[in-house]
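The values are calculated or read from the model by the stated rules, or taken from the named source; none is laboratory data. Note that the coordinates shown come from a computational prediction; the quantities given were computed from them, not determined experimentally. Positions of Cβ are backbone-derived with ideal geometry, glycine not excepted, and every protein chain shown enters the neighbour counts.
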Amino acid sequence: MTMDTRAWEVLGGDKEVLDGITVNVDATNRLSIEGVTEFENRKFKTLYAYPIGHPDGYTVAEYYTQKDFMPGRQIYKFGPSLVTGYDSYTPKLKEDTANPGYADYSIFPTLFSNGAPDISVFDRLYPTSLEYVLCFDNWPNWMVEGKDIGKGTPAVEHFDAAADLAAKYIKAHDTELEGRGPTWVEVKNESTISSEWSHHGNPIPEYGWDVLADFHNITADAIKTESPDTLVGGPTAAWMALDNGNFKEASRHTKFIDETAEHLDFYSYHFYESKDLVLNDTDTNYLGYLTGRLEANLDLLRNHMVNTNNVKPLVISETGTLHNGPDEPDYWIKLKNHNAYMVRYMNRANEFDIVVPFVIPATWWSPDSDNILWTYDERGKLYPTPETGLTDMKYFIEMWDEYNGDLLPVSTNDVNDNIYVHSAQDGNVIYIAVTNMNAQQANIDLNVILEDEQIQKIERTTTYLDMGELHFMDNEPMESLNDIFMHVEETSIFKITLNEAPTIDTTHTKMTYYGDKMLQDTGAPSNFVIQIPNTNVNSSILRVSVGRHGGFSAPLNVTINNYKFESYDMSFTNKADRYFGYVDFIVPVDILQEQNEITVSINQNGGKVSTVALINYEN
């Protein structure tokens, strides 16, 4: 095993500092992302927690709810919770001897008889209308398929019984909480992988995926029969490597979407990074998501839903980093990925119902855990105060606690510069979030377009790693909006206070339109058509997503309506392992038509042009 010693050096210190980067914020217009016009706190400021359950969780919730974060999601495991139980005196769930395979629900009136204590805590800590996710897992042993090697995967012959248990539980739980139960229910956790869904091990090709769709449909119907207002979805997918096997994995996911279209209300996914210190500086093509695979994946799913007239919201019920550790570089890796993900998700806000970062407030079941917001003492007792208990994960919450307001148009002067931005205006305060995803340090300028308002104060909140030490600055004063130094993979939030709130009466609406085809082979030109209903466009970007194992040595050539863009050099991807990402092209708005013809060509076989999309900012 080789240790990455760069964590104890100056990240990017051996490379040229990027310059000439300008972030333009238009505070004379509002931004609508397909109808979303404000930063949605309840959608993005969430943690991996259930609203009720354990006193330690309530202690930590008193901290993070004051910072405008709320519980977002948790898993409920039927076997451990109901069959085995966590104490000796609570009645245990058993099989119904008169109806083999089904549960005997005679204990439910006792189990769900007194919700008053939970309701009291719920209403003290959270809004009564709090929306959150519950995911099912680990069905009782008598329902399980063969040896339990798939986290309680139900046998096909017990699908109806397993669905009935899910439905009966949701109904009883929500009734006990007097309507405060979960808004979204995921049928089975991470059911796209064999360790969670043992049917994937069946030798019949794609059998596991086929019965997975069946189980989701059966369970969704059962839950809605008992609780019509509950939203049900899946597949709660792990390992979102849609480009694997020359996009064979993508075909499985899109087939699942098709086969569940009449039953599910949303589709849910998990995105995780690895422990790599610098994502855009790996020896092989990086297999995570923050180097472009996230957007390419989301475009692939969205394009398919649009083309099949089955557009449904997404639930990102886990997202973060597959890495733990007690040292400051370990916390940095998690924090920088959480912050980068936040900016990326916010820029596609219309696509999501809720996004839940995998930040666990308290782990009373595993007090020695490093993956935790609030820690425990040597006796396994939760530290009593924020000053003694909070870990460095607090910097994620304190990074975003103030961020709020109506959306503003924001962009950089180079669409492929690996600088990601978002902006919102709250009264006389403008917030600008900036992530430098380059393997190089960068100097940036912030250009804030105003009418007559004057800037009174500039502040910066940021987290960065330097010489192995984690640094956090909270609303640190700044003198200028020019030549702002940013570390490698640093996210900063700039807070600009004006003498008065801008009066804004006009809106630019960001609309994304997709091509009529997907997943076209490289090696020959591919033709696409994108229909747009509105040609009154302020600015436009054509996004082309491509993928290939081993990347590309040939350039990417693109035309739209016979307008030819400069060839894009793809040689940076010409290395081992799978490349899947996107390239943006700035489109002259005067060439846009209601029917736009796009040609994409990479003169190299073995890859795919996954999607093409026009991202228009309409007047």
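Residue by residue, here is whether (1) assigned by TED's automatic domain parsing to the domain that holds THR321; (2) over 23 Å from ASP210 (Cα atoms); (3) under 20 Å from the mean Cα position of the chain (by Cα) holds:
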site: ALA250; (1), (2), (3): yes, no, yes
site: HIS253; (1), (2), (3): yes, no, yes
site: GLU262; (1), (2), (3): yes, no, no
site: SER274; (1), (2), (3): yes, yes, yes
site: ASP283; (1), (2), (3): yes, yes, no
site: ARG293; (1), (2), (3): yes, yes, yes
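Applying the selection to the range 393-412, what residues are assigned to a loop (DSSP other than H, G, I, E, B) and either crowded, with 21+ Cβ neighbours inside 10 Å or modelled with pLDDT under 95 (or both)?
Of everything in the range 393-412, those that are assigned to a loop (DSSP other than H, G, I, E, B) and either crowded, with 21+ Cβ neighbours inside 10 Å or modelled with pLDDT under 95 (or both) turn out to be MET393, TYR403, LEU408, PRO409.
Which of the residues belonging to the range 92-147 are among the hydroxyl-bearing types (Ser, Thr, Tyr), part of a helix (DSSP H, G or I) and under 33 Å from the mean Cα position of the chain (by Cα)?
Hit for the range 92-147 is SER120, nothing else.
Taking ILE458 as meeting all but one of (1) within 29 Å of ILE397 (Cβ to Cβ); (2) not in a strand (DSSP E or B), write down the number of the exception.
Going through the list (1) within 29 Å of ILE397 (Cβ to Cβ); (2) not in a strand (DSSP E or B), ILE458 breaks only (2).
Out of the residues in the range 489-505 meeting the condition of being in contact with a strand residue (DSSP E or B) (Cβ under 7 Å, 6 or more places away or on another chain) and assigned to a loop (DSSP other than H, G, I, E, B), tell me which one is surrounded by the fewest Cβ atoms within 10 Å (Cβ to Cβ).
Filtering the range 489-505 for residues that are in contact with a strand residue (DSSP E or B) (Cβ under 7 Å, 6 or more places away or on another chain) and assigned to a loop (DSSP other than H, G, I, E, B), the one surrounded by the fewest Cβ atoms within 10 Å (Cβ to Cβ) comes out as ASN499.
A quick yes/no check of all residues on (1) in contact with a strand residue (DSSP E or B) (Cβ under 9 Å, 6 or more places away or on another chain); (2) part of a helix (DSSP H, G or I); (3) not aromatic (Phe, Trp, Tyr):
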residue	(1), (2), (3)
ALA220	yes, yes, yes
GLY234	yes, no, yes
LEU242	yes, no, yes
ASN246	yes, yes, yes
THR254	no, yes, yes
ASP258	no, yes, yes
SER268	yes, no, yes
LYS275	yes, no, yes
VAL278	no, no, yes
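Output the qualifying pairs, or none if there are none: Cβ atoms under 7 angstrom, residues six or more apart or on different chains, first residue in the range 169-194 and in a loop (DSSP other than H, G, I, E, B), second residue aliphatic (A, V, I, L, M) and surrounded by fewer than 18 Cβ atoms within 10 Å (Cβ to Cβ).
Pairs that qualify, where the first residue is in a loop (DSSP other than H, G, I, E, B) and the partner is aliphatic (A, V, I, L, M) and surrounded by fewer than 18 Cβ atoms within 10 Å (Cβ to Cβ), are LEU177/ILE119; GLU178/ILE119; ARG180/ILE119.
Where in the range 513-599 are there strands (runs of 3 or more DSSP E), lying fully within it, with 2 or more residues that are of a type in the set (Ser, Thr, Tyr)?
Answer list for the range 513-599: 537-549, 578-587.
Is it true that GLU157 is modelled with pLDDT under 95, assigned by TED's automatic domain parsing to the domain that holds PRO100 and not hydroxyl-bearing (Ser, Thr, Tyr)?
no
Would you pick out the residues in the range 494-535 that are under 13 Å from ASP426 (Cα atoms), of a type in the set (Val, Ile, Thr) and more than 29 Å from the chain's Cα centre (by Cα)?
THR497, THR503, ILE504
Would you tally the residues in the range 37-70 being outside any loop (DSSP other than H, G, I, E, B), of a type outside the set (S, T, N, Q) and without any contact (Cβ under 8 Å) to a residue 24 or more places away in the chain?
Result for the range 37-70: 1.
Given (1) crowded, with 22+ Cβ neighbours inside 10 Å; (2) at pLDDT below 95, where does LYS147 come up short, assuming only one miss?
(1)
Please indicate, with yes or no, whether at least one residue in the range 597-610 is outside the structural domain of THR291 (by TED's automatic domain parsing), touching an Asp or Glu at 6+ places or on another chain (Cβ under 9 Å) and under 30 Å from SER32 (Cα atoms).
Checking the range 597-610: at least one residue is outside the structural domain of THR291 (by TED's automatic domain parsing), touching an Asp or Glu at 6+ places or on another chain (Cβ under 9 Å) and under 30 Å from SER32 (Cα atoms).
Pairs under 8 Å by beta carbon, first residue at positive phi in the range 556-575, partner outside any loop (DSSP other than H, G, I, E, B) and buried (at least 17 other Cβ atoms within 10 Å of the Cβ), six or more apart or different chains?
Note: pairs meeting the criteria are ASN561/ASN596.
Filter the range 493-543 for residues that are among the aliphatic types (A, V, I, L, M) and closer than 14 Å to TYR617 by Cα and give the result.
MET511, ILE532, VAL537, ILE541, LEU542
Return yes when ASN310 is assigned to a loop (DSSP other than H, G, I, E, B), more than 29 Å from ASP214 (Cα to Cα), in contact (Cβ under 8 Å) with a residue 40 or more places away in the chain and not assigned by TED's automatic domain parsing to the domain that holds THR463 and no when it is not.
Taking the combined requirement at face value, the residue does not satisfy it.
Output yes when any residue across the range 196-215 is touching a Pro at 6+ places or on another chain (Cβ under 9 Å), hydroxyl-bearing (Ser, Thr, Tyr), buried (at least 17 other Cβ atoms within 10 Å of the Cβ) and at pLDDT 95 or above, and no when none is.
no
What residue, of ILE444, ILE432, is part of a strand (DSSP E or B), more than 23 Å from the chain's Cα centre (by Cα) and surrounded by 21 or more Cβ atoms within 10 Å (Cβ to Cβ)?
One residue alone meets the criteria, ILE444.
Pick out the one residue from GLY320, GLY288 that is in contact with a Pro (Cβ under 7 Å, 6 or more places away or on another chain) and assigned by TED's automatic domain parsing to the domain that holds PHE256.
Matching residue, one of GLY320, GLY288: GLY320.
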